[in-house]
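I have placed the structure first, in the form of structure tokens, so that the comments after it can refer back to it.
The values are calculated or read from the model by the stated rules, or taken from the named source; none is laboratory data. Predicted model only: the values in this text are computed from it and were never measured. A quick note on method: Cβ atoms are made from the backbone with ideal geometry, for glycine too, and the neighbour counts reach across all protein chains shown. With ligands, DNA and RNA removed, areas are computed over all heavy atoms of the protein, side chains included. Shrake-Rupley method; radii C 1.70, N 1.55, O 1.52, S 1.80 Å.
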Amino acid sequence: MQLLKVQNLSKVYGQGESQVNALQNATFSMEKGEFAAVVGESGSGKSTLLHLVGGLDTPTEGKVLLDNMDLFALNEKERTIFRRRNIGFIFQSFHLIEELDVEQNIAFPLLLDHQKPDRERIEELLALLGLSERRKHLPSQLSGGQQQRVAIGRALVMQPMLILADEPTGNLDSKSSRDVMNLLVQASRHYKQTILMITHNDNLASDADRVLRVTDGHLKDMGGKAHEKLS
């Protein structure tokens, strides 16, 4: 089932001599349950792509359709609600709420949407993330890797159609990075979760089902088993 369709997506910043074509005519699609990685140098346009796909920014041209819903046919309020319910975000900085413990941080998106947390779902996520013993710990009492696991749980709790991960291992050491990647792969397999991840690390990207490379705003689909083609 084709879940995400990105059609001729472009983003231009500035005008005249200061104009920057951050993204140019990016087109690709993703199947439900697929895990794709976007790689590219700093400033290549990969973060712009992720922000547009997530509806955090608006394109100069093009469309993003998630389950056939055109994100930019919605007004800003409608898009905010749709995004909150259907797209999970994992950032390089964890953005946890310092006053809330692990369990509360994971459940927070449900409360924000006026939903009652499903205890069974929360328990399952805590076990999957290896955080059951730390459920009452505050973010300040956790390592960086543990904090990122909480952020992954928060992204998964709404059972979103799509998860967007922006350099999720960028602030972590090599072991924590590997643990986080293993969790994302496990979430993709266990929950059939569709994940689009940005990374500058080709070795981590090779864990994905497919790799997209962005160079100077141009996107190229490297296909499956792209670790054999990365250079």
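Assorted remarks:
- Distances between placed amide hydrogens fall under 5 Å for Met158 paired with no residue 5 or more residues away or on another chain.
- Gained length - Asp57 relative to Ser42, 0.36 nm times residue gap less alpha-carbon distance: 3.5 nm
- The calculated FRET efficiency for the pair Asn68 and Gln115, based on their C-beta separation and a Förster distance of 35 Å, comes to about 0.90.
- Per-peptide average of other Cβ atoms within 10 Å, ordering 182-190, 148-156 highest first: 148-156, 182-190
- Each Lys and Arg Cβ is given +1 and each Asp and Glu Cβ -1; about its Cα centre, the chain then shows a dipole of about 380 debye.
- Ligands, DNA and RNA aside, His137 has an accessible area near 50 Å² when probed at 1.4 Å.
- Ligands, DNA and RNA aside, Glu167 has an accessible area near 20 Å² when probed at 1.4 Å.
- Calculated FRET value between Tyr191 and Thr27, using beta carbons and R₀ = 45 Å, to 0.05: 0.95
- Mean residue ellipticity, 222 nm, helices only, the chain: the sum of -39500 (n - 2.57) across DSSP H runs of n ≥ 4, divided by residue count and rounded to 500, is -9500 deg cm²/dmol.
- The chain - accessible surface per residue (Å², probe 1.4 Å): 49 Å²
- Karplus-based coupling profile of region 141-147, in residue order and whole Hz: 9, 10, 6, x, x, 5, 4, with θ = phi - 60° in 6.51 cos²θ - 1.76 cosθ + 1.60 and x standing for Gly or Pro.
- Inverse mean reciprocal Cα-Cα distance (Kirkwood Rh) of region 1-156, Å: 17.5 Å
- Rounded to the nearest 20 debye, dipole of region 174-224 from Cβ charges on Lys, Arg, Asp, Glu: 160 debye
- Rg and Dmax of region 109-222, both derived from C-alpha coordinates alone, stand at 15.1, 46 Å.
- By accessible area with a 1.4 Å probe, ligands and nucleic acids excluded, highest first: order of Met197, Met1, Met222: Met1, Met222, Met197
- Translational diffusion of region 74-138, µm² s⁻¹ [Kirkwood Rh, Cα pairs; Stokes-Einstein; 4 °C; 1.567 mPa s]: 98 µm²/s
- Taking region 36-66 and a reference point 7 angstrom along Cα→Cβ of Asp216, the backbone N atoms nearer than 20 Å belong to 39-49.
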